[in-house]
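Undergrad: Right, I'll just put the structure down here and ask away after.
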Amino acid sequence: MTYAVKNLTQGRELIAFRIGDQEFCVNIMSVREIRGWTPATAMPHAPPYVLGVINLRGAVLPIVDLSLRLGMKPAEPTVRHVIIVAQVGPKVVGLLVDAVSDILTVTDDNIQPTPDIANEAEKAYARGILAIEGRMICLIELDALFPHTESEAA
Amino acid sequence: MDMNEIKEIFFQECEEQLAELESGLLRLNDGDRDPETVNAVFRAVHSIKGGAGAFGLDDLVSFAHVFETTLDCVRSNRLEPTQDVLKVMLKSADVLADLTNAARDGGGVDETRSRALIGELEALARGETPVASEAPATKPAAPAHQAAAPAPAVETPPVNDEGFQPIPFSFDDFGDEPPIEPYVPTCEIVFRPKKELYAKGNEATLLLRDLSRLGEMSIYCDMDRLPSLAEMNPEEAYFSWKISVTSDKGEDGVRSVFEFAEWDCELDIRTVEEETVGEAPAEDEELPMQPVPFDLSILDEEAPAAAEDEEPAVADGDAAAAVAAAETATRIAQAASNASRAAAETAKADRAAAAAANAAAANNQAAGQTIRVDLDRVDRLINLVGELVINQAMLSQSVVENDNNGTSSINMGLEELQQLTREIQDSVMAIRAQPVKPVFQRMSRIVREIADVTGKSVRLITEGENTEVDKTVIDKLAEPLTHMIRNAVDHGLESPEKREALGKNPEGTVRLTAKHRSGRIVIELADDGAGINREKVRQKAIDNDLIAADANLSDEEIDNLIFHAGFSTADKISDISGRGVGMDVVKRSIQALGGRISISSKPGQGSVFTMSLPLTLAVLDGMVVTVAGQTLVVPLTAIVETLQPEASAIHSFGASQRLISIRNSFCPLVDVGRILNFRAMQANPIEGVALLVESEGGGQRALMVDAIQGQRQVVIKSLEANYTHVPGIAAATILGDGRVALILDVDAVVAASRGQSLKPETSLAATG
């Protein structure tokens, strides 16, 4: 919390986490819990970034390699890895990241627009960047990352 | 409890009453002439009317009132419930359901339809035979209410004031006057409120005021029981009244005033007018058109009438007092004895038996107690039991791992625990199990409506309505079933003319059956129509690029093409089945329930859709197997046998296919690991185990897995909740070690082995 921007008026809280040498953050309201890595059961026909599913107290939770999902190199999960259990639309998804680094309280003023050098993929999920004490943290929109489809059955 | 809650309960009860109404009418339609059936139907409508009146739902009340009046004619044998009559009544039941729904959810109803039906019903009540709807319009007009039967119930707003049109009507058929000489009976009423009456917020004054509005009234207040002031309990009721009312509404009118108070007072109503007392019921039956005077002594003797009367204060004073105090069960028991006695008097042995049986059944029904439980609570219990099963499995597993000699007392105890868990689970599941009857009943309405629209004549036969299945399955069954029924009538059945030309009964038959088969519920929908036009289906499939023009397909495969997306063979898109949803949607909804659907069709003889659904969506017995290092669960219901293939039994077929010979028949070998993409190369069959499975589409397959771990009951966990549907995987479960295992969708795997590819659908997975 030492780096947190203390702006308590109209502040919103974000959870920052690390993937490789980059930092990202998501809205804390969408985060349900943070837990350690447990081996996942592989899913057939799943895209490469879906590592499989785990048992979260009786519910089946898909685990997504966020590194791969964001177009970076695939993670090699170890016990030191962390799963951020996040609510995305109606579904709950586990996001595999290297480590959770911070909880930030920011206002909209702190968020700078995504630079226009970003390609389409990054533009799709990046909602802006934050400069926190010399670090750059990218704000991710999870709903854009995992658009939920409505149930198609009548 | 606020008004909305009470209203909600009323609507819930309405639903039950409507179901009762419809099933009763259908029974009558099938030739059932048991008076108890008529009574049940009458009671249903009357209850709805009563409740609706309390909530001021005027549309509902006025329609129910007319309906009730007509039913009363049937009840009193003045109207023969012929097929035509029942057709009108079934339609009326539909409209009544619509009105109920409209009252609950807002929204309008087809007013012209309900008005037309009110007209038809009134015509019936007057003793006319049902006629084509336009016929009455051409006849000279006469106010409808003038000729209405001297029907009892009165508490409703007068129908003719409610804004529906007077029905043009001719009296030529039976003379210039209404069939009944109106007489004005005088009722002597002894009204003795109990303190409960006041406790429930009823007010004797208001009742008396309502009574005074019926007609001329004289009243005498009996204050004999009033104690001295010192002894008086302010919450006790001391007064009673002797009232004499002269009203054309008769005794029933009087009764209706006390409708909501009758439980909390002693009520004695006598009609003093001299009447045809002592008329034997048998005579009454011989003269069906004779007016039945509403005299108490008649009611007393005519037991069916007594039994039918839903108002507790039947018969004479003693009975009324007793009844008012008695429980429902006693009331029905009394009715039952009355019914059987009367039936015996009519000296019709069969009828006696039927009535007695029916009354006994009604009695039993009253004895069987039920409670309404919030579904959430049941689901919570089911979830907890699910967790219990998982935990028990975990415990068993760790005991087995840590216990070398499998005979210890812990093992014994665990086995008992397992049995108990299983019993708990079964009992909990039984709570959710419901008969499919309500859904089937809804279908009969769908059939009627669509038969009307298409001008086809259709008979729906339902069988196995009492087959029980999980409530979720029932709830989700209605939609696909509706769609299939529409299809069956719209596309399946030919027009009556065509049927006649083909030498078939012009009335088409749609048969809906439910039965249990090997741990699943099987629902069959059969029509005796034209069957699938394979040429047309094939052509259409080629046009839509579903198959190659020269594809060599079996009849079964062609039939199954109709389950493909965007497939509709109807030349013109009709209002009924051409809503942009096809059989593919039906198939998907069934699959979402863990079910399967297949079709078999014989040209000229009709088609049969067979749906097989799991009884519960919560647990299944499975075989735990290993495939390419992954643990999978194969539903036990699908497995016919397991075997260890020998090298000599494996035969290559073509480039990549292999067959296994089992007792001299050849069966395709399917490598599960390959189909699910767990490995790139086919495994060596000799190192694995073959599971011989039977799929819904018919035909056996040998599924190759690496090893069998054991057999276990597993709790089904949804994959779709957080992920997406995975082809080849039915659901997930959690094993004893706490890890997720996938449950194999045997049919999908078998289908995939036929060459249909397993592709992930749009979802989380598709966004990559």
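Undergrad: Name the helices (runs of 4 or more DSSP H) wholly within segment B:72-167 that hold at least 1 residues that are touching a strand residue (DSSP E or B) at 6+ places or on another chain (Cβ under 6 Å), under 28 Å from B:Val254 (Cα atoms) and modelled with pLDDT of 80 or more?
TA: In segment B:72-167, no matching helices (runs of 4 or more DSSP H) lie anywhere.
Undergrad: Still on this structure, please answer the following. Out of (1) in contact with a Ser or Thr (Cβ under 9 Å, 6 or more places away or on another chain); (2) surrounded by 14 or more Cβ atoms within 10 Å (Cβ to Cβ); (3) at negative phi, the odd one out for B:Ile461 is which?
TA: Of (1) in contact with a Ser or Thr (Cβ under 9 Å, 6 or more places away or on another chain); (2) surrounded by 14 or more Cβ atoms within 10 Å (Cβ to Cβ); (3) at negative phi, only one is false for B:Ile461: (2).
Undergrad: May I pose another question? Given the conditions (1) closer than 17 Å to B:His65 by Cβ; (2) touching a residue at least 40 places away in the same chain (Cβ under 8 Å), which single one is not true for B:Asp84?
TA: (1)
Undergrad: Considering segment A:38-48 alone, what residues qualify as being in contact with a Leu (Cβ under 8 Å, 6 or more places away or on another chain) and in a loop (DSSP other than H, G, I, E, B)?
TA: A:Ala40, A:Ala42, A:Met43, A:Pro44, A:His45, A:Pro48
Undergrad: Here are some residues: A:Leu61, A:Leu51, A:Leu104, A:Leu68. Which one is in a helix (DSSP H, G or I) and either of a type outside the set (Lys, Arg) or under 29 Å from B:Arg739 (Cβ atoms) (or both)?
TA: Residue meeting the stated conditions: A:Leu68.
Undergrad: Considering only segment B:708-718, state which residues are at the interface with chain A (Cβ under 9 Å from one of its Cβ atoms) and surrounded by fewer than 22 Cβ atoms within 10 Å (Cβ to Cβ).
TA: If the condition is that a residue be at the interface with chain A (Cβ under 9 Å from one of its Cβ atoms) and surrounded by fewer than 22 Cβ atoms within 10 Å (Cβ to Cβ), then B:Ser718 is the only one that fits.
Undergrad: Shifting gears a bit: Tally up the residues in segment A:34-47 that are touching a Pro at 6+ places or on another chain (Cβ under 7 Å) and more than 7 Å from every other protein chain (Cβ to nearest Cβ), please.
TA: 1
Undergrad: Quick one: would you say B:Thr724 is under 33 Å from the mean Cα position of the chain (by Cα) and either facing chain A (nearest Cβ under 7 Å) or farther than 19 Å from B:Asp621 by Cβ (or both)?
TA: In short, yes.
Undergrad: Given the criterion over 30 Å from B:Val469 (Cβ atoms), away from every other protein chain (no Cβ under 14 Å) and at pLDDT below 85, identify the matching residue among B:Asn664, B:Asn677.
TA: Being over 30 Å from B:Val469 (Cβ atoms), away from every other protein chain (no Cβ under 14 Å) and at pLDDT below 85 holds for just one of B:Asn664, B:Asn677, which is B:Asn664.
Undergrad: Pull up segment B:423-457, narrow it to residues that are touching a strand residue (DSSP E or B) at 6+ places or on another chain (Cβ under 7 Å) and of a type in the set (Lys, Arg), then point me to the one that is modelled with the lowest pLDDT.
TA: Among those residues, the one meeting the criterion is B:Arg432.
Undergrad: In the list B:Val705, B:Val749, which residue meets the criterion of being within 11 Å of chain A (Cβ to nearest Cβ) and more than 30 Å from A:Gln87 (Cβ to Cβ)?
TA: Going through B:Val705, B:Val749 in turn, just one is within 11 Å of chain A (Cβ to nearest Cβ) and more than 30 Å from A:Gln87 (Cβ to Cβ): B:Val749.
Undergrad: Look through segment A:105-127, keep the residues that are in contact (Cβ under 8 Å) with a residue 40 or more places away in the chain and among the hydrophobic types (A, V, I, L, M, F, W, C), and return whichever of them is farthest from A:Ile137 (Cα to Cα).
TA: If we take residues in segment A:105-127 being in contact (Cβ under 8 Å) with a residue 40 or more places away in the chain and among the hydrophobic types (A, V, I, L, M, F, W, C), then A:Ala121 is farthest from A:Ile137 (Cα to Cα).
Undergrad: In the set B:Gln425, B:Gln418, B:Gln434, which member is crowded, with 20+ Cβ neighbours inside 10 Å, of a type in the set (S, T, N, Q) and in contact with a helix residue (DSSP H, G or I) (Cβ under 8 Å, 6 or more places away or on another chain)?
TA: Residue meeting the stated conditions: B:Gln425.
Undergrad: Looking at (1) surrounded by fewer than 19 Cβ atoms within 10 Å (Cβ to Cβ); (2) touching a Phe, Trp or Tyr at 6+ places or on another chain (Cβ under 9 Å); (3) within 11 Å of chain B (Cβ to nearest Cβ); (4) of a type outside the set (A, V, I, L, M), which is the only condition A:Gly58 fails?
TA: If we test A:Gly58 against (1) surrounded by fewer than 19 Cβ atoms within 10 Å (Cβ to Cβ); (2) touching a Phe, Trp or Tyr at 6+ places or on another chain (Cβ under 9 Å); (3) within 11 Å of chain B (Cβ to nearest Cβ); (4) of a type outside the set (A, V, I, L, M), just (2) comes out false.
Undergrad: I would also like to ask the following. Please specify each residue of segment B:45-59 satisfying the condition of being under 17 Å from B:Met89 (Cβ atoms) and not β-branched (Val, Ile, Thr).
TA: Selection gives B:His46, B:Ser47, B:Lys49.
Table: residues versus (1) surrounded by fewer than 23 Cβ atoms within 10 Å (Cβ to Cβ); (2) under 22 Å from B:Glu465 (Cβ atoms); (3) not β-branched (Val, Ile, Thr).
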| position | (1), (2), (3) |
| --- | --- |
| B:Glu13 | yes, yes, yes |
| B:Phe55 | yes, no, yes |
| B:Asp58 | yes, no, yes |
| B:Val61 | no, no, no |
| B:Phe67 | no, no, yes |
| B:Leu90 | yes, yes, yes |
| B:Asp94 | yes, yes, yes |
| B:Thr112 | yes, no, no |
| B:Arg115 | yes, no, yes |
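Undergrad: Shifting gears a bit: Taking interchain pairs and intrachain pairs at least six residues apart, which have beta carbon atoms under 7 angstrom, with the first residue in segment A:88-102 and more than 14 Å from chain B (Cβ to nearest Cβ) and the second of a type in the set (Lys, Arg) and in a strand (DSSP E or B)?
TA: A:Val97/A:Arg18; A:Asp98/A:Arg18; A:Ala99/A:Arg18; A:Ser101/A:Arg18
Undergrad: Quick check on segment A:107-129: of everything there that is part of a strand (DSSP E or B) and over 15 Å from the mean Cα position of the chain (by Cα), which residue is nearest to A:Ala16 (Cα to Cα)?
TA: Only one residue fits best here, namely A:Ile111.
Undergrad: OK, next. Within the group B:Met484, B:Met583, which residue is closer than 30 Å to B:Val634 by Cβ and at pLDDT 85 or above?
TA: B:Met484
Undergrad: Looking only at residues that are on the phi > 0 side of the Ramachandran plot and not acidic (Asp, Glu) in segment B:498-546, which one is modelled with the highest pLDDT?
TA: B:Gly503
The values are calculated or read from the model by the stated rules, or taken from the named source; none is laboratory data. This one's a predicted model, so the numbers in the text were calculated from it and none came from an experiment. Cβ sites come from the backbone with ideal geometry, for glycine too, and all protein chains shown count toward neighbours.
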